[in-house]
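Here is the structure we will look at.
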Amino acid sequence: MSKKRSIFSYVLLGLTTLGLIGAGCAFGLYLWASNGLPSITKVEDYRPAQVTTIFARDGSVMGYLFREKRFLVNLEQMAPKLKWAFLAAEDAEFYTHPGINYKAIARAFVANLKAGRTVQGGSTITQQVVKRLVVGDERSLKRKAQEALLAFQLEDRLTKDQILYIYLNQIYLGHSTYGVEAAARVYFAKNASDLTVAECAVLATLPKAPSD
């Protein structure tokens, strides 16, 4: 065997070994994260708390009762540009990724490494839905791993529009408002269907820091 061929064989063996180790680690991580994995039934059967409206005898609104100020609206009942404003701000590749955006995660990792702190996130809208409705806000590696697994499951069971519908009705947007319809009424005194492009853009900036 020539020296050149011998070196190639060692390199190939090394790469194969690394590949097998990587696959074994990935499988081990999957088994670890799958242990105690929550169900996404709550997301599939989405029935959030809504506002109860109290009417007077003449049909006028007397007041509202609510735990979370939310009015459910479907995508067709929103201003045409509203969903695109949120996608531009939160997850521009929502309609093309499988629930996890690897490029966004890599970009966030580099940005956070350069800054020495967390300045950017790589979570998709699908992951945010899973986080809010299933796994919660706990900061742990297992929680993030389960969030990723459940995001893949959710993308397999619901359409993109169904996931976006849940997100736009579930998201907290400050001042006790949940979802875009309640936010449109509180901030602009109009329905989500009547928002201008500028108003859509303003609402889309709120999820990152609604209290500001």
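The values are calculated or read from the model by the stated rules, or taken from the named source; none is laboratory data. What you are looking at is a predicted structure, and each value in this text was computed from that prediction instead of being measured. Every residue, glycine as well, gets a Cβ built from its backbone with ideal geometry; the counts of neighbours run over all protein chains shown.
Would you check if there is a residue in region 52-73 being closer than 19 Å to LYS160 by Cα and modelled with pLDDT of 80 or more? Scanning region 52-73 turns up at least one residue that is closer than 19 Å to LYS160 by Cα and modelled with pLDDT of 80 or more.
Of the residues making up region 160-212, those that are part of a helix (DSSP H, G or I) and either of a type outside the set (A, V, I, L, M) or touching a strand residue (DSSP E or B) at 6+ places or on another chain (Cβ under 8 Å) (or both) number 18. Scanning for something outside any helix (DSSP H, G or I) and at pLDDT 60 or above, does region 23-37 turn up at least one residue? Checking region 23-37: at least one residue is outside any helix (DSSP H, G or I) and at pLDDT 60 or above.
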